[in-house]
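See below for the structure under consideration.
Derivation of every value follows stated rules applied to the coordinates shown; laboratory data play no part. Just so it is clear, the model here is predicted, and its values are computed rather than measured. Virtual Cβ from ideal backbone geometry, glycine too; neighbours counted across all protein chains shown.
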Amino acid sequence: MSTICLIPGDGIGPEVLASARQVLTALALPLEFIAAEAGWATFERCGSALPAATLAAVQAADATLFGAVGSPSQRVEGYRSPIVELRRALDLFACMRPVRTPALPQARPNVDLVVIRENTEGLYSGLEQRDTDRATTTRVITRAASQRIVGWAVNYARAHQRHHITVVHKANVLRETCGLFRETALAVLADAPDIQWNELLVDNAAYQLARTPEQFDIIVTTNMFGDILSDVASVWGGGLGLAASANYGPRTAIFEPVHGSAPDIAGRQRANPLATLSAAALMLEHLYYLAAAERLRQAINHVLRHGPHTPDLAGSASTADVTTAIIHLLNDR
Ligand code: NAI
Ligand code: MG
């Protein structure tokens with residue numbers, strides 16, 4: 001029996017997590033669900049975006065499926081993004097975001113890459129300060145965390161028959177922080193002769209990703225660069241409505257779609273649930289329900305090939321229509 005913590009969050013988060021819960025239930029696995037809350041609505045109700053009970057539930061669970069939260073862009077006293085907080089508090093140091101050519105007509109062929117990013121420090125260290133007209137953020141890069149993430153990327157490559165790693169940084173300008181990341185990464189790769197590698201400055205990496213994504217196998221980078229590059233890369237995988245993300249740490253793991261709370265489409269059943277369902281497949285794999293993960297992936301591919309499709313994929317189906325189609329496919333096999 002595995003315990004899964006479900007955190008719907010805000011905006012389309014509850015819509016896509018409802019879909020995931022139904023689909024996971026249809027797989028008839030020994031799963032027990034625990035619901036927990038986080039996000040903006042939670043903050044407005046109880047003054048904390050990440051209540052202690054939620055943190056405890058995530059810690060106690062075998063894995064967590066997270067929807068999305070809406071974090072305001074204006075400054076709100078006491079509010080911090082709960083997903084960033086969870087990654088740090090639980091030492092979920094490795095964020096992994098796969099992007100593959102989707103089973104959609106006219107998709108760009110031969111894209112198969114993974115963005116791996118350090119998930120606990122960098123520009124999302126949370127060390128920010130504002131004095132009236134001047135604000136600073138402390139970008140923390142440590143040798144230990146850089147070594148750990150690049151070492152993780154090397155192990156990931158070996159475990160998944162991947163052979164090439166691109167180290168992305170901006171060490172020409174950020175000489176100390178990116179300099180330390182780069183230097184540490186290259187030392188780790190020097191000890192991995194079976195892995196080929198290159199390095200790219202982040203601006204060029206964004207350009208290359210937008211232009212010729214086929215050239216990439218694994219990208220390893222720091223926290224915010226990885227956040228931005230994974231949204232760019234997601235375009236080749238069918239967009240944010242399909243992109244999945246995993247956050248791994250020594251004790252637990254959180255799975256989520258790459259997208260946010262999408263307030264522009266929230267509450268209208270227009271959200272594509274497939275990003276969250278792909279994240280659920282990664283979660284099942286992590287929990288060693290390998291056959292179930294594969295069944296779910298095949299159902300997702302079938303829906304990509306034959307529909308129904310939500311509006312982000314130029315269709316007119318609702319979140320519920322796609323969910324129902326997936327469940328029918330799972331029940332048929
Ligand atoms: P977003 O990722 O929520 O949306 C970007 C665009 O993609 C929007 O046009 C949206 O409609 C579309 N989109 C996203 N997911 C979709 C889906 N499943 N199906 C169809 N279309 C989809 O990014 P945005 O709008 O910049 O941020 C909105 C809020 O989300 C902000 O408050 C932000 O802080 C938060 N956010 C939360 C994240 C998290 O919880 N992990 C990650 C990113 C943003
Ligand atoms: Mg992001």
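By the beta-carbon count within 10 Å of each Cβ, the least crowded to most crowded order of PHE181, PHE225, fewest first, is PHE225, PHE181. Could you please state, rounded to a whole Å, how far the C-alpha centre of the range 57-133 is from the C-alpha centre of the range 276-299? The range 57-133 and the range 276-299 have Cα centres separated by 20 Å. A simple packing score, the average count of other Cβ atoms within 10 Å per residue, orders the peptides 113-125, 313-325 as 113-125, 313-325, with the highest score first. Taken about its Cα centre, the chain carries a charge dipole of roughly 240 debye when the Cβ of each Lys and Arg holds +1 and the Cβ of each Asp and Glu holds -1. This model, with +1 at the C-beta of Lys and Arg and -1 at the C-beta of Asp and Glu, gives the range 1-65 a dipole about its Cα centre of some 40 debye. Between the range 159-185 and the range 34-56, how many Å separate their Cα centres? First find each Cα centre; the distance between them is then 35 Å. Size descriptor for the range 108-237, Kirkwood hydrodynamic radius: 15.1 Å (Cα pairs only, one decimal).
Compared with the direct C-alpha span, the chain from ASP112 to GLU128 gains 2.2 nm at full extension, assuming 0.36 nm per residue. Sparsely packed loop sites in the range 1-84 (the GluC sites (Glu not before Pro) outside DSSP H, G, I, E and B with at most 11 other Cβ atoms within 10 Å) comprise GLU77.
Taking the square roots of 5 times each eigenvalue of the Cα gyration tensor of the range 145-196, largest first, gives ellipsoid semi-axes of 21, 10, 9 Å. For the range 131-231, the list of GluC sites (Glu not before Pro) that fall in a loop by DSSP and count at most 14 other C-beta atoms within 10 angstrom reads GLU176. Scattering from the chain was approximated by placing one identical point on each alpha carbon and applying the Debye formula without solvent; log10 I(q)/I(0) at 0.10, 0.14, 0.15 1/Å stands at -0.58, -1.16, -1.32. Here the calculated FRET efficiency for ILE34 and ALA89, from their Cβ-Cβ distance with R0 = 25 Å, stands at 0.90, rounded to the nearest 0.05. Each listed q (0.16, 0.22, 0.23 Å⁻¹) maps to a log10 I(q)/I(0) for the range 64-148 from the Debye sum over equal C-alpha point scatterers, namely -0.84, -1.15, -1.19. Counting neighbouring beta carbons within 10 Å and listing from fewest to most, the residues ILE83, ILE228, ILE149 come out as ILE228, ILE83, ILE149. Taking every full run of DSSP H in the chain, the ones that stretch at least 15 Å from end to end by Cα along their long axis and average 0.5 or higher on the Kyte-Doolittle scale are 177-190, 223-234, 274-286, 319-332.
Based on Cα contacts under 8 Å between residues 6+ apart, the chain shows a relative contact order of 22 percent.
Taking 7 Å steps out from each Cα toward its Cβ at THR212 and ARG158 produces label points 3.0 nm apart. Calculated mean residue ellipticity, 222 nm, the chain: -12500 deg cm²/dmol, from DSSP H runs (n ≥ 4) at -39500 (n - 2.57) each, averaged per residue and rounded to 500. Using a simple spin-label model with pseudo-atoms 7 Å out from Cα toward Cβ, ARG143 and ASP264 lie 4.5 nm apart. Put simply, when 302-310, 45-53, 255-263 are sorted by average Cβ atoms within 10 angstrom per residue, most first, you get 255-263, 302-310, 45-53. State, as an integer percentage, the relative contact order of the range 175-259 based on alpha-carbon contacts under 8 Å between residues 6 or more apart. Relative contact order comes out at 17 percent.
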